[in-house]
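Quick notes on the structure that follows.
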């Protein structure tokens, strides 16, 4: 309520001052502030914190406008919807070592070399949680990708048959986006978040520390490097060839 702009607004205060909040408006703002604090406890990045503040600020403004005048409330709500539809947050475009799958390539790639361990993210571009996790997953791929440990992503918002095949729901109510699945030997060995008996996701924070700890990335990385080392150094010579080489050196 900026003084130059609020002079013409109606007020429910006893003194008729439109530039001050009445007790009901203060209650609304305090309640929404408490919700923002609770939501920010699970936020990982600064962008998520700022996004929560802006989102609930819009909710507070909409409620306050509706209390003043239903026409102003409808106008503000319409402007917010138009803004959300036209101004979508940018997708992550930074460096990464991630292979993007389609509905036809994911099964083929997982079965191609069963010595390779895959960590695959099932995501949807419209999900704000997936957008927030994108730079974290990209950073993990830069740190841990090697010939025996690969990172992949598949857009189940686009390839809906993949979501049903791997039992990852795209409904916002189930909170299964994003989902990380670890594949070893072409078979799923674990996933986060876990799913309870009712088909709902168990609450889990997608932070870099949690992913490293839950998926044992340091251990997986060391095992993958040991498995790939003989292949990187070339094929091992048979014992007979090694003995012949030693005899040749002695003769020289």
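The values are calculated or read from the model by the stated rules, or taken from the named source; none is laboratory data. Only a predicted model underlies this, so the values are computations on that prediction, with no experimental measurement involved. FYI the Cβ positions are ideal-geometry reconstructions off the backbone, even for glycines, and counts take in every protein chain you see.
Quick look at the numbers
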quantity: Hey, residue 167 assigned by TED's automatic domain parsing to the domain that holds residue 135, free of Cβ contacts under 8 Å to residues at least 24 places away in the same chain, under 24 Å from residue 128 (Cβ atoms) and assigned to a loop (DSSP other than H, G, I, E, B) or not; calculated: no
quantity: Yes/no for residue 114 being in the same structural domain as residue 227 (by TED's automatic domain parsing), closer than 23 Å to residue 227 by Cα and either out of contact with any strand residue (DSSP E or B) (no Cβ under 9 Å at 6 or more places or on another chain) or part of a loop (DSSP other than H, G, I, E, B) (or both); calculated: yes
quantity: Subset of the stretch 187-224 [part of a loop (DSSP other than H, G, I, E, B), touching a helix residue (DSSP H, G or I) at 6+ places or on another chain (Cβ under 8 Å) and either free of Cβ contacts under 8 Å to residues at least 24 places away in the same chain or surrounded by fewer than 16 Cβ atoms within 10 Å (Cβ to Cβ) (or both)]; calculated: 204, 207
quantity: Sole residue being touching a residue at least 40 places away in the same chain (Cβ under 8 Å) and more than 25 Å from residue 225 (Cα to Cα), chosen from 83, 65, 123, 101; calculated: 123
quantity: Among the residues listed as 214, 121, 188, 129, the single one being under 30 Å from residue 54 (Cβ atoms) and touching a strand residue (DSSP E or B) at 6+ places or on another chain (Cβ under 7 Å); calculated: 121
quantity: Condition met for residue 175 (over 24 Å from the mean Cα position of the chain (by Cα) and modelled with pLDDT under 90); calculated: no
quantity: Failed item, numbered, when residue 203 is tested on (1) over 19 Å from residue 137 (Cα atoms); (2) out of contact with any strand residue (DSSP E or B) (no Cβ under 8 Å at 6 or more places or on another chain); (3) modelled with pLDDT under 90; (4) in the same structural domain as residue 134 (by TED's automatic domain parsing); calculated: (1)
quantity: Residue check, residue 55 assigned by TED's automatic domain parsing to the domain that holds residue 34, under 24 Å from residue 135 (Cβ atoms) and either assigned to a helix (DSSP H, G or I) or touching a strand residue (DSSP E or B) at 6+ places or on another chain (Cβ under 6 Å) (or both); calculated: yes
quantity: Answer from 144, 92 - the residue that is outside the structural domain of residue 174 (by TED's automatic domain parsing) and either surrounded by 16 or more Cβ atoms within 10 Å (Cβ to Cβ) or touching a residue at least 24 places away in the same chain (Cβ under 8 Å) (or both); calculated: 92
quantity: Check on residue 239, surrounded by fewer than 13 Cβ atoms within 10 Å (Cβ to Cβ) and either within 26 Å of residue 108 (Cα to Cα) or at pLDDT 90 or above (or both); calculated: no
quantity: Matching residues in the stretch 117-141 - criterion: being at pLDDT below 90, surrounded by fewer than 21 Cβ atoms within 10 Å (Cβ to Cβ) and part of a helix (DSSP H, G or I); calculated: 128, 129, 132
